[in-house]
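For reference, the structure discussed in these notes is given below.
The values are calculated or read from the model by the stated rules, or taken from the named source; none is laboratory data. Fair warning: this is a prediction, and the values are worked out from it, not measured in the lab. Cβ placement follows ideal geometry from the backbone for every residue including glycine, while neighbour counts extend to all protein chains displayed. These area figures cover heavy atoms from the full protein model, side chains too; ligands, DNA and RNA do not enter into them. Shrake-Rupley method; radii C 1.70, N 1.55, O 1.52, S 1.80 Å.
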Amino acid sequence: MGLHAERDGQGPPIVLVHGFTQTRRCWGAVATDLAADHEVIRIDAPGHGRSAALAGDLQDGARLVGEAGATATYLGYSMGARLCLHVALATPSLVRGLVLIGGTAGIDDRQERATRRAQDGATADRVRREGVDAFVAGWLRQPLFASLPADAQFHAERLENTAEGLATSIELSGTGSQESLWDRLPELTMPVLLMVGELDLKFTAVAHRMATEIGAHAQVTVVAGAGHAAHLEQPRSVLALLRPWLEGHGL
């Protein structure tokens, strides 16, 4: 059994992998615009949407994402960015180009990683206890999403998720369970675009550090006026930055 995926458009393939609590239907104008001249493959990540029954860690998830997406450009947001990074390192032959929005190579301090793992476990307990509707409402109230407009939250779409699917996802694939990949970043040889929102100071610093580790074929692009979910907050700006990069690399 593989991950659920939906395809739109024709042209060079580009795989979209969403963030935690989202689904394949949470890409908005970015997916619609790209489908004008690309084959857009929107995947439900493990534990989410119609892939809710599939559980696995980031290595398992990367294998499943790669099987669903095949050879393509991979674009991931947040949790999806971490999954796409794992695909690029595990099976680089599949990844023609890599676009990470609000991504990270993990937590390289063991104690900090253990603390985050405990926090992820508490989050899993909370979603099981509260249920999806209440949990998602609370999740979106985090400061991380303070600049995300209500009409770009895709709250209704997130309710397709199940409590157990989300809980298992963050237990197995949360940042606390992710092995640090910082020392493996130089292995990436495909073009890499690291997109971050101007207001997302933490991930802006992470993106610049990642670009330094990857090398000259990595580019950092900062989206003005956007926070963590830059593609939902400022889709036109994201497309205006993304499309020239895709075209410049023949993707």
Point to revise | region 217-251 residues near the modelled residue 142 label - backbone nitrogen below 19 Å, point 7 Å along Cα→Cβ | key: 226-234
Review point. Along the principal axes of its C-alpha atoms, what lengths does region 130-251 span, in descending order and rounded to whole Å?
Key: 46, 33, 27
Check your understanding: When the Karplus curve 6.51 cos²θ - 1.76 cosθ + 1.60 is applied with θ = phi - 60°, which whole-Hz ³J(HN,Hα) does each residue of region 175-186 get, with x for Gly and Pro?
Key -> 4, x, 8, 7, 5, 4, 10, 4, 6, 9, 4, x
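Would you kindly calculate the translational diffusion coefficient of region 105-194, applying Stokes-Einstein with the Kirkwood radius from alpha carbon pairs, for 20 °C and a viscosity of 1.002 mPa s, and quote it in µm² s⁻¹ without decimals? Don't skip to the end; give the middle numbers.
Working: Rh = 15.0 Å.
The calculation lands on 143 µm²/s.
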Point to revise | Translational D in µm²/s for region 54-138 (Stokes-Einstein at 20 °C, 1.002 mPa s, Kirkwood Rh from C-alpha pairs) | key: 149 µm²/s
Check your understanding: So, in Å, what gap is there between the alpha-carbon centers of region 174-208 and region 87-116?
Key -> 6 Å
Review point. If you place +1 on the Cβ of every Lys and Arg, -1 on the Cβ of every Asp and Glu, and leave all else neutral, what size is the dipole of region 126-251 about its Cα centre, to the nearest 20 Debye?
Key: 200 debye
Check your understanding: GNM, the chain, Cα, under 10 Å: largest mean-square fluctuation among 82, 42, 209?
Key -> 209
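Where the accessible area of the chain is counted over protein heavy atoms with a 1.4 Å probe, how much of it, in %, is carbon and sulfur?
51 percent
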Review point. Once the Cα gyration tensor of region 184-251 is diagonalised, what are the square roots of 5 times its eigenvalues, in whole Å and ordered largest first, as equivalent ellipsoid semi-axes?
Key: 20, 16, 7
Exercise for review: Send over a whole-number figure in Å² for the accessible area per residue of the chain, probe 1.4 Å.
Suggested key: 41 Å²
Study note, to complete from the structure: Long-range share for the chain, i.e. C-alpha pairs more than 26 Å apart as a percent of all pairs, stands at 32 percent
